[in-house]
Amino acid sequence: MNNTGQDSPGWKRFVRIPVGSADTRLSIAAGTVTLDGDLTIPADAVGIVLFAHGSGSSRHSPRNQLVARVIQAAGIGTFLFDLLTKEEEAEDEVTGRLRFDIGLLARRLVEASNWIANQSETPGLGIGYFGASTGGAAALVAAAEIGPGIDAVVSRGGRPDLAGEALEQVKSPVLLIVGERDETVLGLNRSAFVRLRCEKELKVIPRTTHLFEEPGALDEVARLAAGWFRRHLRP
């Protein structure tokens, strides 16, 4: 992970990070706002995955929580945190503007990554991103900015097209997961896949729509994501 050995500006740890325990609630200051997150680091973890949630979602997303549990079972830590404050979420429910502010979401993801990398309890852990919907674009932009310090990226039903020119700059291995019946998003992912210049795979889940609500669909997403991170995260 690229870092300076110092805490990232504006980020402050309010509680000690336990390792090998259940979820720990964290409150982290990012600039002028405070963001909440849930951190779990299994004993002997080989890495940690930061979740970038999508449009109109939060760290409480049952879909992301299911994926996180499978990743934890694979011996990898997870950090699900809110990219927006409660006030910003309320504004976004009305305007829909912030969920598409990929620059803002990516900046907060970068800062969270630097914060995680500089904690005394997480030295040397590989770092990966799991992005959903617009969070998929934020994950790719953040990975492009940080560089090879991000070991892997997984996008579930994401909007990689919104990453813009950052797509060609991503060096981390990228797995794009899309539902077969999510036709518009599938087309956008196929176009973005061609532009990626890194190790990459595109997995299409048969007979599945955007939210992966069909029986077994989300379980398959979780299995694929955990396998990708287990393969690429380097302690």
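Select from the stretch 194-230 the residues that are in a helix (DSSP H, G or I), of a type outside the set (Val, Ile, Thr) and out of contact with any strand residue (DSSP E or B) (no Cβ under 8 Å at 6 or more places or on another chain) and write down the one among them that is farthest from Pro62 (Cα to Cα).
Checked the stretch 194-230; the qualifying residue farthest from Pro62 (Cα to Cα) is Arg195.
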Does Ala142 count as in contact with a Gly (Cβ under 8 Å, 6 or more places away or on another chain), small (Gly, Ala, Ser) and outside any strand (DSSP E or B)?
-> no
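Which residue is farthest from Asn64 (Cα to Cα), if the candidates are limited to the stretch 143-165 and must be of a type in the set (A, V, I, L, M, F, W, C) and free of Cβ contacts under 8 Å to residues at least 40 places away in the same chain?
We begin by selecting, within the stretch 143-165, every residue of a type in the set (A, V, I, L, M, F, W, C); these are 143-144, 146, 150, 152-154, 162-163.
Of the ones still in play, those that are also free of Cβ contacts under 8 Å to residues at least 40 places away in the same chain are 143-144, 153.
On the way: Ala143: 19, Ala144: 23, Val153: 15 Å.
Applying the filter and picking the extreme gives Ala144.
Pull up the stretch 145-160, narrow it to residues that are under 15 Å from Gly126 (Cβ atoms) and not in a helix (DSSP H, G or I), then point me to the one that is modelled with the lowest pLDDT. Walk me through how you get there before you give the answer.
From the stretch 145-160, those under 15 Å from Gly126 (Cβ atoms) are 146-154; that's our starting set.
Going one step further and asking which of them are not in a helix (DSSP H, G or I), we end up with 147-154.
Values: Gly147: 94, Pro148: 84, Gly149: 89, Ile150: 96, Asp151: 97, Ala152: 98, Val153: 98, Val154: 98.
Looking at the filtered set, the residue picked out is Pro148.
For the stretch 65-106, give me the residue count where each residue is assigned to a helix (DSSP H, G or I), among the basic types (Lys, Arg) and modelled with pLDDT under 90.
Kept after step one, since they are assigned to a helix (DSSP H, G or I), are these residues of the stretch 65-106: 65-73, 86-95, 98-100, 102-106.
Going one step further and asking which of them are among the basic types (Lys, Arg), we end up with 69, 86, 99.
Going one step further and asking which of them are modelled with pLDDT under 90, we end up with 86, 99.
Total meeting the criteria: 2.
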What pairs come up if the first residue lies in the stretch 187-204 and is surrounded by fewer than 16 Cβ atoms within 10 Å (Cβ to Cβ) and hydroxyl-bearing (Ser, Thr, Tyr), the second is modelled with pLDDT under 95 and not in a strand (DSSP E or B), and their beta carbons are under 9 Å apart, counting only those six or more places apart or on different chains?
-> none
May I ask you to say which residue of Leu186, Leu175 is at pLDDT 95 or above and in contact with a helix residue (DSSP H, G or I) (Cβ under 6 Å, 6 or more places away or on another chain)?
-> Leu175
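For the subset of the stretch 138-171 comprising residues that are of a type in the set (A, V, I, L, M, F, W, C) and out of contact with any Leu (no Cβ under 7 Å at 6 or more places or on another chain), which member is surrounded by the fewest Cβ atoms within 10 Å (Cβ to Cβ)? Walk me through how you get there before you give the answer.
Initially, the stretch 138-171 is screened for residues of a type in the set (A, V, I, L, M, F, W, C), giving 138-144, 146, 150, 152-154, 162-163, 166-167, 170.
Narrowing the set further to residues that are out of contact with any Leu (no Cβ under 7 Å at 6 or more places or on another chain) leaves 141, 143-144, 146, 150, 162.
Details: Val141: 28, Ala143: 32, Ala144: 22, Ile146: 22, Ile150: 29, Leu162: 20.
It comes out as Leu162.
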Complete set of residues in the stretch 153-172 that are touching a strand residue (DSSP E or B) at 6+ places or on another chain (Cβ under 6 Å) and either of a type in the set (Val, Ile, Thr) or within 14 Å of Val194 (Cα to Cα) (or both) | Val153, Val154
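Would you mind stating whether Gly227 is on the phi > 0 side of the Ramachandran plot and surrounded by fewer than 22 Cβ atoms within 10 Å (Cβ to Cβ)?
Numbers: on the phi > 0 side of the Ramachandran plot: no; surrounded by fewer than 22 Cβ atoms within 10 Å (Cβ to Cβ): yes.
Against the criterion (on the phi > 0 side of the Ramachandran plot and surrounded by fewer than 22 Cβ atoms within 10 Å (Cβ to Cβ)), Gly227 does not qualify.
The values are calculated or read from the model by the stated rules, or taken from the named source; none is laboratory data. These numbers come from a predicted model, not from an experiment. With ideal geometry, Cβ positions are generated from the backbone for all residues, glycine too; neighbour counts draw on all protein chains shown.
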